Every structure is written in structure tokens, then in C-alpha cells.
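We did not get these values from a lab; they are worked out from the coordinates using the rules stated. The shown structure was predicted, so the numbers you read here are calculated from the model rather than taken from an experiment. Cβ sites come from the backbone with ideal geometry, for glycine too, and all protein chains shown count toward neighbours.
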Amino acid sequence: MTADTEAKIRRGEICSFCGLPTEVILHSGWRERKCPSCGASVRCHFGTERGMGRVAGSSLKRLRKEAHRWFDAVWKNKIKKSRYNAYSWLALRMHKNKDDVHFSLMTEEECRQAIEVCRHIIMKENPDLYRDLSEKS
Ligand SMILES: [Zn+2]
């Protein structure tokens, strides 16, 4: 990471979780810098668009995104035949009905469980992929 990128992360201009540029939004009268992808945000110094620090918060959103990333890797890499099969498999492993498995509704605990289940099968079926994915998390 370049010094420039690091400085931008410290001012909240780049999301430290996604590496994406943040957007300036107005939130209850304050400017905030907010990541368009994971929703992590930081308040700006008054009258400026400079973040008071790195983006934070929204750990649940980050966890959901992380769970989705591991899950997508399972079916996109054909460890499960299709997205549909992968959902059925995950539901079974999480002791849920298939229709009740939605990443956007998962609690932190459920996200951690889904990540664990997906990590485990990837580690077993495709160690190289597992290494790649682990480096990016
Ligand atoms: Zn982000």
C-alpha cells in the first residue's frame, strides 16, 4: 500500500475494508464519508469533506459481505454445482430452511457460522483457492 493510499484511508477517503473511494453524504446535519459498498462511515471535520479518521462501524454489514464472499466462492468455483445447490447445502449445514437463508438478514452470529461452513469446505476441496481468499480477507 502506498503512503498516499494510507493517508486517504486515515482521512476516510478510501474504505479500509473494501479499498473503494468513499462518498460524501449528509447525515443528520453532518457531512460523512461513507463507503458505497459496505456502508462503513466516518464523520467529517466541521465544514470540510475530510474524515475525522478511518471509516468504521457497520461491522454487521462487513460480516454479511464477508459471508457472501466465501459463499459465492463455493458455487462460482464449482465446489457446489450451482448457486441453488449451494444455498440448499448451506441451509442444511446451518439447520435452516433453504428459504430462510438470506445474507442480508443474517445476524453476526449467523454470518460467522456461514463463513465457517464455507471456509471449511473450500479448505477441504480447494486449498489453493482457500489460500487466495484468506489473503484477501
Ligand atoms: Zn467498504
Pairwise label distance in nanometres, E49 with K78, each label 7 Å out on the Cα-Cβ vector: 4.6
So what's the net charge close to R54: Lys and Arg +1, Asp and Glu -1, counting the other residues with Cβ under 11 Å from its Cβ? +2
Relative contact order for segment 3-43: what is it in percent, counting Cα pairs under 8 Å that are at least 6 residues apart? 29
Strictly over 21 Å apart at the Cα level, which of K78/K98; K61/K136; K8/K34 would you flag in this model? none
Quick one: 3J(HN,Hα) in Hz for segment 115-124, Karplus 6.51/-1.76/1.60 with θ = phi - 60°, rounded, Gly and Pro as x. 4, 4, 4, 5, 4, 4, 6, 5, 4, 6
Once the Cα atoms of helix 83-93 and of the chain are each reduced to a long axis, what angle between those two axes, in degrees from 0 to 90 to the nearest 10, is obtained? 80
Would you pull out the residues with amide H under 5 Å of I14's amide H, same chain only if 5 or more places away, H placed 1.01 Å from N? I9, T22
Students often check this: by mean Cβ neighbours within 10 Å, which of 75-81, 23-29 ranks highest, and how do the rest follow? 75-81, 23-29
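Stretch L105-H27 to full length: gain in nm at 0.36 nm per residue minus the Cα-Cα span?
Extending this stretch completely gives an extra 25.7 nm.
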Cysteines having no other Cys beta carbon under 4.7 Å from their own, within the chain: C38, C44, C111, C118
